[in-house]
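The values are calculated or read from the model by the stated rules, or taken from the named source; none is laboratory data. None of these values were measured; they are calculated from a predicted model. Quick reminder, even Gly has a Cβ in these numbers, built from the backbone with ideal geometry, and neighbours come from all protein chains shown.
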Amino acid sequence: MQPVPISEQDEQVLRTKVLEEITGHPPTIGVIGISGVGKSSTINTLLGAALPTSDTVACTKEFWSVSAELAFTHGNARGLAAHLQVIDAPGLGEDVRRDQEYLAAYRRHLPRCDVVLWLMAARNRAVALDQRYLRQLSDCHPRMVFGLNQVDLVEPLDWHPTLNLPSEGQRRSIDQITRDRQARLADALQRDIRMIPYSAKARYNLQGLFTAIVEACPEDRAWLFSSLKNFTYDDFLTAEARQVIESTRKPTSGVLSLLTQRHGLTSPSNATE
């Protein structure tokens, strides 16, 4: 069935309503997890923000709100800009003296998020703190996406720097770690979950992570997220990987296909216009 055309006046009314919604209640994602898993780094890489990061001390002491301007790409809101709000929360488990304070703050902030992104570090085998905090916070928000960061650092530590892909040995380790963490958190929550492996530092599988966030949004807010611009296949590739693609961009070349499949990305032919 063909869509019924609407008048310019009606279309303008719809665009005004959309603008009121995205201005008054912008799409919002909360990013939380144990201290040191790379929450701020993930936000910086996904959205081009500039939150402070450190390899040695926790940098996020308060709840930050970061805004990224994305564009509606289809529908009556096409061309309008929407500010995606991301709340970067302090890391749990950093200091027992502040845990109750942080937990109380999480309970205040999480309900206003459309989706909550819970992050873990692939090299950290201890998940007891995640399990404990998840049990305490699971009733605060029904929509959680789980990300497994730093997969480029798992054994056997032979990440391919040019293609920006794991070796076969690393891929097997990543798959095993992902299944293990997924099962242990699912046991704590008593429900199935989906774990997305990625690396903020290596810029690996970030589109897969963003897509999972969008898919987890509430039904009555789905139009906001689904109408936003999707990231194209090369948005999160390193400069070296992009050079390889450009030098081998031929119909018979399997390099581009390999990269897009292994990164969980959208190929140029399937990218959103």
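May I ask you to verify whether ILE177 is more than 24 Å from PRO27 (Cβ to Cβ) and modelled with pLDDT under 80? Walk me through how you get there before you give the answer.
Details: more than 24 Å from PRO27 (Cβ to Cβ): yes; modelled with pLDDT under 80: no.
Answer is no for this residue.
Residues that are at pLDDT below 85 and closer than 30 Å to ASP130 by Cα within segment 1-32 comprise HIS25, PRO26, PRO27, listed in sequence order. So is ASP114 at pLDDT below 85 and more than 19 Å from ALA200 (Cβ to Cβ) or not? So ASP114 fails the test. Scanning segment 79-114 for residues that are out of contact with any His (no Cβ under 8 Å at 6 or more places or on another chain) and among the β-branched types (Val, Ile, Thr) returns VAL86, VAL96. Of a type in the set (D, E, K, R), surrounded by fewer than 22 Cβ atoms within 10 Å (Cβ to Cβ), closer than 21 Å to SER40 by Cα and without any contact (Cβ under 8 Å) to a residue 40 or more places away in the chain: is that true of ARG143 in this structure? No, not satisfied. All of ARG172, ARG123 fail the test of being out of contact with any Lys or Arg (no Cβ under 9 Å at 6 or more places or on another chain), among the charged types (D, E, K, R), surrounded by fewer than 18 Cβ atoms within 10 Å (Cβ to Cβ) and not in a loop (DSSP other than H, G, I, E, B), apart from ARG172.
Hey, can you tell me all the residues within segment 117-164 that are touching a Cys at 6+ places or on another chain (Cβ under 8 Å) and within 19 Å of PRO197 (Cβ to Cβ)? Walk me through it before giving the result.
Step one: filter segment 117-164 for residues touching a Cys at 6+ places or on another chain (Cβ under 8 Å), giving 141, 143.
Across segment 117-164, there are no qualifying residues.
The residues listed here are VAL96, VAL115; of these, the one that is surrounded by 12 or more Cβ atoms within 10 Å (Cβ to Cβ) and not basic (Lys, Arg) is VAL115.
Give the residues of segment 146-165 that are part of a loop (DSSP other than H, G, I, E, B) and free of Cβ contacts under 8 Å to residues at least 40 places away in the same chain, sorted by residue number. Before you say what the answer is, go through the steps one by one.
Applying the first criterion (part of a loop (DSSP other than H, G, I, E, B)) to segment 146-165 yields 150, 154-159, 161-164.
VAL154, GLU155, PRO156, LEU157, ASP158 - these are the residues of segment 146-165 that are part of a loop (DSSP other than H, G, I, E, B) and free of Cβ contacts under 8 Å to residues at least 40 places away in the same chain.
Just one of the numbered conditions (1) closer than 16 Å to LEU224 by Cβ; (2) modelled with pLDDT of 85 or more is not true of ARG107: (1).
Hey, any hits in segment 247-261 for a residue that's touching an Asp or Glu at 6+ places or on another chain (Cβ under 8 Å) and modelled with pLDDT under 85?
Our first condition is that a residue be touching an Asp or Glu at 6+ places or on another chain (Cβ under 8 Å); within segment 247-261, this holds for none.
No; the residues of segment 247-261 include none that is touching an Asp or Glu at 6+ places or on another chain (Cβ under 8 Å) and modelled with pLDDT under 85.
Checked against the criterion of being in contact with a Lys or Arg (Cβ under 9 Å, 6 or more places away or on another chain), of a type in the set (A, V, I, L, M, F, W, C) and surrounded by fewer than 17 Cβ atoms within 10 Å (Cβ to Cβ), the candidates LEU103, LEU189 yield just one match: LEU189.
Would you confirm whether or not segment 117-133 contains a residue that is charged (D, E, K, R), modelled with pLDDT under 95 and closer than 19 Å to ALA216 by Cβ?
So the first thing to find is which residues in segment 117-133 are charged (D, E, K, R), and the list is 123, 125, 130, 132.
Cutting the leftovers down to modelled with pLDDT under 95 gives us 123, 125, 130, 132.
When the remaining residues are screened for being closer than 19 Å to ALA216 by Cβ, the result is 130.
Yes: one or more hits.
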